[in-house]
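Okay, so here's the structure we're looking at.
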Amino acid sequence: MQYLLYLCTVIQHFLDYIAIERKYSQRTVEAYHDDLRDFCRFMGWEIAEFNPEEVDESDVKSWMLDMIEQQHQSPRSVKRKLSALRSFYKFLLRQKIVKRDITARIIPPKADKPLPVFFREEEMEAALAPKVSSGSPVEEESYENLRDNLIIALLYQTGMRQAELLGLRDGDFDLSQGQVRIFGKRRKERIVPIGDSLIAQIKEYMAARGNEINDRFFPKLTKYTLYRIVRARMGEVSTLKKHSPHVLRHTFATTMLDNGADIRAIQTLLGHASLSTTQVYTHTTFEQIKKVYMQTHPRAKSANLSDKIKKND
């Protein structure tokens, strides 16, 4: 009876483990909960009824097939759900609740990673330019305008994630040293340098907001408000369909790479655990690299000249 009672709560134990010990974000924990609930429902159970003794490899394969053929889910979604189940089974193995990981030999469907979109440098310059009124810069900007300008500048110049910006506190900034402390996924800390112009913006914003230590650097800023600010500001200068805070993170990485930054330095600044996650940005700059090559390599230039001569003939 005691063993069955433990089984009834094993998924909750796993969720508590990744939330407390692994320090996964609330959003990730909720996603794992939903994925494991979906698997249980496929097996005909409620989530508290999960019993590893009644699951084998063929059940996992059937679940994947059902998601692809019946639910028409994308390979990316299926891969993510399988990843949640795999993490759960590794936990069960460590807890000695199962003797083997039935997900170990399951091959996930291939999911092509879409290349990240990013704003062009001239678009960012336009977004960050001082607002003008009657042909001259606005003398005194409102608190909201100072805040919104700073939000765009922080996302673009530090590459921080949306959740990281929302979690900023006054004490995370060391303006004398020109740096900001960012807490990323699983509360992993990283230090990112900030330039003089950004420091000046921060000081101006804090003076307008009030310099007393606050629990949050951007009081009352919500995820929705942040998205609305970025969408409005970037929508004025860019024709991209996506205007999310994450596109500014992509723009930070792409700009750094285009201007000669080492890929491992970018990995550190972004807080990526794996270099392969950062390397997706190398694909976005291929056209820029190709353009430079065609303009500067002598053999490439001569080939272009030959093509032009042929066209003129």
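The values are calculated or read from the model by the stated rules, or taken from the named source; none is laboratory data. Quantities reported herein were computed from a predicted structural model and do not represent experimental measurements. With ideal geometry, Cβ positions are generated from the backbone for all residues, glycine too; neighbour counts draw on all protein chains shown. Side chains are part of the model used for accessible areas, which takes the heavy atoms of the whole protein and leaves out ligands, DNA and RNA. Shrake-Rupley method; radii C 1.70, N 1.55, O 1.52, S 1.80 Å.
Observations on the structure shown:
- Note on ALA48 and LYS23: the model spin-label points, each 7 Å out from Cα along the C-beta direction, lie 3.3 nm apart.
- Per-residue Karplus couplings for segment 46-54, computed as 6.51 cos²θ - 1.76 cosθ + 1.60 with θ equal to phi - 60°, are listed in order as 7, 5, 6, 9, 4, 9, x, 5, 9 Hz, Gly and Pro entered as x.
- The slack in the chain from HIS72 to GLU57, taken as 0.36 nm per residue of separation less the alpha-carbon distance, amounts to 3.3 nm.
- Accessible surface for segment 147-275, divided over its residues, is 50 Å² per residue with a 1.4 Å probe.
- For the listed residue pairs LYS61/LYS242; LYS61/LYS99; LYS203/LYS223; LYS61/LYS110; LYS61/LYS90, the alpha carbons are over 25 angstrom apart in LYS61/LYS242.
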